[in-house]
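These notes concern the structure reproduced below.
The values are calculated or read from the model by the stated rules, or taken from the named source; none is laboratory data. Note that the structure is predicted; figures quoted are calculated from it, not measured. Cβ placement follows ideal geometry from the backbone for every residue including glycine, while neighbour counts extend to all protein chains displayed. For accessibility, only protein heavy atoms count, side chains too; no ligands or nucleic acids. Shrake-Rupley method; radii C 1.70, N 1.55, O 1.52, S 1.80 Å.
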Amino acid sequence: MSTGAASPIRRLPDGTVKQVGPLTGTRVWTVPGRANRPIATPREATRTLAPGESDRLCAFCSARYLETTPEKTRLVGADHLELRHVPAAELFDTVAEFRRFGNLFEIVSAEYWRENHGFRQPSSVVEWAQDYLSSPEGLAHISSLAAIRAAATGAEVSVEEAALDLLGGSHDVIVARRHVVDGARTDDDLASAGTLTPDEHAAYTAFTVQALAEIQAAQPNAAYVAVFQNWLRPAGASFEHLHKQLVAIDEHGPQVDHELRLLSHDRDLYQREIADLAVSERLLVAATDGAVAFAGIGHRYPAFEVYSTSEANLPHEHSDAGVRAVSDLLHALHAATGPLVPTNEEWHYRPPGAPWPMPWRVVLKWRISNPAGFEGGTKIHVNTIDPWELRRRAVERLTELRAAGLIAPGIRIGDECVPADARLRYAESAWDEDGDGAGPARR
């Protein structure tokens, strides 16, 4: 491991590990003796579930479909057949393995796009809203949701306007079927991303990729769509029910802008600063034919970084196999993390129209500590688990999971990975020297 002062990560003689985020400049210390604290957050009290209660524990559960906004899409059955725009009267005719619908309380609202950008809903949304309201069940559903929003915001709108905003918003939620695992007896036996099967997680990931592409296409004023997953309340989740969120925004955000500035001088930024560094510091955790996972350097929380090794940049530019490669590694890391550890999952990718190639990567953070006065005063963050220890824990657990058949077969773990697994091909597509190439085609 590196000991030179110029390295972004180094261990001092007393065991303290100091890190600097290669892409962020975030300064992080890991102090000896703090890594042995428990990382799971079991509940102080659990409750035995009554018969049938597992399907109605929260508003995202399958017995409470009418408490969320009208569905844009659902996947049903073992083959994940897609059904679009399910009418209110038919919501309970099938059980959705995954559902996509608008967030009832958006971060960036339909009003924001309307008032600040002059956006008007396309005819397809207008027609869907009219059709949805034409049935008594649909009218009652929209009226109920409009009343909830009016009570929360103090602003009342007509049921027709409410329908347009609820159906045509640009902040979507993707929800998995289970709140607790099948056959759960207590309310703490939660169904996390890691308790899905690899095939289920692949469908979940592909469904999210599709939603990302559709939101980008539907909201022409969006510069970026943020994709993230908050798991458990310490990580910001409002419900302890597995779900992802996608939020269209009209700027890239400062981190993407910073990376684009770095890329303007160095197209190999991610290869050299992330992948090559991970190889030299022996931080490769796992790999598939199409993706690689590292223990991340310079994060405020213990974090894994999953990089696509495809030439494609945007998630929906990837082949089905490329999406599956990322999904399998991400699923395996969720499984290794366990359902009782609060996590944030963050997607990063090249914004449409950005001038430089960027890889698709997903960061999985363990939210196991709370920044306090020390961090606020010094801007030095205390991360209780250093990247080498994070890799050791992950490799050990992934090996057990693979032996038990609980993660995708064919994943290479730890020292089974070779430097070639960390070769990122994001800049090997049809980009010219000025950065205005057409971008990679779907393969």
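A few points about this structure:
- Cβ charges +1 (Lys, Arg) and -1 (Asp, Glu), total dipole of the chain, debye: 1620 debye
- Three-way shape call for the range 345-395 based on the alpha-carbon gyration tensor, with the a/c threshold at 1.5: oblate
- Calculation over all alpha carbon pairs of the range 137-254 in 5 angstrom steps from 0 returns a P(r) of 2, 10, 15, 15, 17, 19, 14, 6, 2, 0 percent.
- Using a Förster distance of 41 Å, the FRET efficiency for Phe105-Thr16 (Cβ separation, nearest 0.05): 0.45
- The label point for Ala50 and the one for Asp320, both projected 7 Å from the Cα toward the Cβ, are 4.4 nm apart.
- The trypsin sites (Lys or Arg not before Pro) of the range 289-391 that DSSP puts in a loop, and whose beta carbon has at most 10 other beta carbons within 10 Å, are Lys379.
- Alpha-carbon gyration tensor eigenvalues x 5, square-rooted, for the range 289-443, Å: 28, 22, 13
- The long axis of helix 136-153 is offset from the longest Cα principal axis of the chain by roughly 60 degrees.
- Student exercise, the range 295-394 dipole from Lys, Arg, Asp, Glu Cβ charges, in Debye to nearest 20: 280 debye
- Approximate shape of the range 61-104 as ellipsoid semi-axes (Cα gyration tensor, √5λ), whole Å, largest first: 16, 11, 10
- Where only C-alpha atoms are counted, convex hull volume of the range 198-316 per residue in Å³: 148 Å³
- Carbon and sulfur %, accessible surface of the chain computed with the full protein complex present, 1.4 Å: 52 percent
- Remark: the chain carries 43 Å² of accessible area per residue (probe radius 1.4 Å; ligands, DNA and RNA excluded).
- Charge dipole magnitude, Cβ of K and R +1, D and E -1 - the range 62-128, Cα centre, debye nearest 20: 120 debye
- Extension reserve of the Ala150-Val181 stretch, reckoned as 0.36 nm per residue once the Cα distance is removed: 7.7 nm
- For the range 235-282, radius of gyration divided by Kirkwood radius, i.e. Rg to Rh on alpha-carbons: 1.17
- Across the protein chains, with a 1.4 Å probe defining accessible surface, the residues Arg272, Arg393 rank Arg272, Arg393 from largest area downward.
- Computed Rg/Rh of the range 69-180, alpha carbon atoms with Kirkwood Rh: 0.97
- Each residue of the range 1-149 gets 254 Å³ once the volume of the Cα convex hull is shared out per residue.
- Since only Phe98, Leu246, Thr378 are under comparison, the one whose Cα sits farthest along the positive direction of the charge dipole of the chain, derived from C-beta charges on Lys, Arg, Asp and Glu, is Thr378.
- Dividing the C-alpha radius of gyration of the range 193-268 by 2.2 N^0.38 Å, with N its residue count, gives 1.36.
- Summarised as an ellipsoid, the range 247-373 has semi-axes of 22, 19, 16 Å, derived from the eigenvalues of the Cα gyration tensor scaled by 5 and square-rooted, with the largest first.
- Gain upon complete extension [Thr399, Glu416; 0.36 nm per residue less C-alpha separation]: 5.0 nm
- Segment Arg43..Arg423, full-extension length gain: 132.6 nm, with 0.36 nm per residue of separation and the alpha-carbon distance subtracted.
- Counting only protein heavy atoms and using a 1.4 Å probe, the accessible area of Phe374 comes to about 100 Å².
- Remark: accessible surface ordering of His241, His299, His258 (largest first) is His258, His299, His241, probe radius 1.4 Å.
- Lys/Arg +1, Asp/Glu -1 at C-beta; the chain dipole; positive extreme among Cys61, Leu196, Ser123: Leu196
- Kirkwood Rh in Å, taken over all unlike Cα pairs in the chain: 23.1 Å
- Theoretical FRET efficiency, 1/(1+(r/R0)^6), r = Cβ-Cβ of Asp188 and Arg392, R0 25 Å, to 0.05: 0.35
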